[in-house]
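Worksheet for the structure shown next.
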Amino acid sequence: MSQATLLLIPLFIQVGLTFALLFRLGPARLDALRRGEVKLGDVALGQSAWPERITQIANAHNNQYQLPVLLYALVLLALVLRKVDWLIVAGAWIFVLSRLAHAYIYTTSNHVPSRCRAYGAGLVALVAMWVWLGARIMIEGA
């Protein structure tokens, strides 16, 4: 399996995580409305009235449109410029595994110190990948 393919697998997992959280959020919201935990009018213009467990899922889902966007850009740039190497592949896997852990923690215990550690691990991996890719581009050229 090529390095490019090995880099795409964590990217697809990240996309899958985003969809999985969304597909979990919709039914959870419908159940809360059916059970009367929240009224539609209370959430029509804002999200603050949703029960805590739904807010956790929604926040975990919304988080997938923050740091992961930088992973998508990095992967595309590395592929287009043919700068994929084992460090980029390993970093992408570390990042995505940290995002899976972060989402799991967020949607279950929501233990903030653990969530912060998972987030931090992904952030460090992502920054390292960007620094490495940037250095390679500056040294080797695009």
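Side notes on the structure shown:
- Dipole moment magnitude, nearest 20 debye, the chain about Cα centre, only Lys, Arg, Asp, Glu C-beta charged: 140
- Read-out Rg and Dmax of the Cα atoms in Å, derived from the coordinates shown; its label in [x] 23.3, 74; [y] 16.5, 52; [z] 18.0, 61: [z]
- Estimated FRET transfer efficiency when R0 is 30 angstrom, pair Thr5-Thr55 (beta carbons, to 0.05): 0.20
- Computed extension gain for Ala142 through Arg117, at 0.36 nm per residue and net of the alpha carbon distance, reaches 5.6 nm.
- Options Leu6, Asn62, Gly91, ranked by Cα towards positive dipole end of the range 3-140, top entry (Cβ charges): Asn62
- The longest part of the chain holding none of the exposed loop trypsin sites (Lys or Arg not before Pro), meaning those outside H, G, I, E and B in DSSP with at most 12 other Cβ atoms within 10 Å, is 83-142.
- Average Cα contact separation per residue, the chain, under 8 Å, 6 or more apart, as relative contact order %: 29
- Residue order, fewest to most beta carbons within 10 Å, for Tyr104, Tyr65: Tyr65, Tyr104
- Each of Ser114, Ser48, Ser109 was scored by other Cβ atoms within 10 Å of its Cβ. Arranged with the fewest first, they read Ser48, Ser109, Ser114.
Coordinate-derived values only; no laboratory data. As the structure is a prediction and not an experimental result, all values here were calculated from the model. Cβ atoms come from the backbone with ideal geometry, glycine included; neighbour counts cover every protein chain shown.
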